[in-house]
Structure formats: structure tokens, C-alpha cells
Amino acid sequence: MNNLPPMPKMMDLVFLVKRNGGIRIGRFGFSILSFLLHAIAPLLRKDYYNTACVLGIDACLYMAIHMFLQLVLNIDPAMTFDLSYFIGSIIWGFFYNNMYIAHLVKIGYKAVDKNSQSTIQKHHIKCEVTDLTSEEINRQSPI
């Protein structure tokens, strides 16, 4: 990992590694992939925990919008799915990347270097630097 060029300052990229778990690359900020693909984005990353969170929150959001349209505004709630999908996409676009990195740290991934650690800690997630050597890190495959 030490052979990589320095990351641009405008991107909050972090590199996380876990012994026998591979290297994961994450980024803080708005997730365009999560905004466009919604629940498919965590599935592409094999992030089943956050997939369940997305689907659970979407179900609650759908029920709340459906009840509001039908009971409060007395409108036919035919557009409930479209409206809840759009609102959910905006919500997950803002929160998914942060949740993904927090979940990786929670399951044992550690920052590769001090730059990644400081970026993660800047977003109020406690993280340690890995004890793996650079040779061990370079042998890990990105997942």
C-alpha cells in the first residue's frame, strides 16, 4: 500500500484491511451508487447487514407514506412506491458510505495507515491502525 500515489485531498478514501479478510476500499460522502441502485449497491459489495437495513427502513418509509397519503390527505396512494423509493434513495445516498465503513470497522477491519485512520476518526468512528506488515498487506487481495 505504500507504493500508491497520495490520494487527492477532495476524496475521503480509506483503505481497510483484515487478516485473511482482504482489503476493502471505502469513501465518505454522498454515494451515487446507492442513490441510483438503492438496495443493489450493498449487495454488490457483499454487505448483507446494510442491505437488511436498507430494506427495513424502506418498508417503514413505504408504510408511513402510504398511511399519510391515504389517511391524512385522503389521496389514492398509487404513487406510494415511487415516492418512497425516491425519498429512500436520497436518504441512503447520504448515509450509506458512512454506515458501510462503520460496519467494516465493527467487524474487525483496521486502517492500513495513519491517513486512513485520521480520515475515519474525523467522521467520529474509532479505528485502529493494522499491525500487518506492508508485505502482508500487499499479499491481501481487494474484495
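If Rh is defined by the Kirkwood formula over all Cα pairs and Rg also comes from Cα, what ratio Rg/Rh do you get for region 79-143? Present the calculation step by step, with values, prior to reporting the outcome.
Working: Rg = 16.4 Å, Rh = 14.0 Å.
Across region 79-143, the Cα-based Rg/Rh ratio is 1.17.
Dipole magnitude of the chain about its Cα centre, charges +1 at Lys/Arg Cβ and -1 at Asp/Glu Cβ only, in debye to the nearest 20?
On the way: 13 positive and 10 negative charges, 102 e Å.
The calculation lands at about 480 debye.
When N is the residue count of region 12-139, what does its C-alpha Rg come to as a fraction of 2.2 N^0.38 Å?
On the way: Rg = 18.2 Å, N = 128, 2.2 N^0.38 = 13.9 Å.
Normalised by 2.2 N^0.38 Å, the Cα Rg of region 12-139 equals 1.31.
Over region 12-139, what is the relative contact order in whole percent, taking alpha-carbon pairs under 8 Å and six or more residues apart? Mind dumping the intermediate values first?
On the way: 147 pairs, mean separation 45.2, N = 128.
Result for region 12-139 is 35 percent.
Laboratory data are not the source of any read-out in this text; all were calculated from the coordinates shown. All of these numbers come straight from a predicted model, not from anything done at the bench. Heads up, the Cβs are rebuilt from the backbone with ideal geometry, glycines too, and the neighbour counts pull from every protein chain shown.
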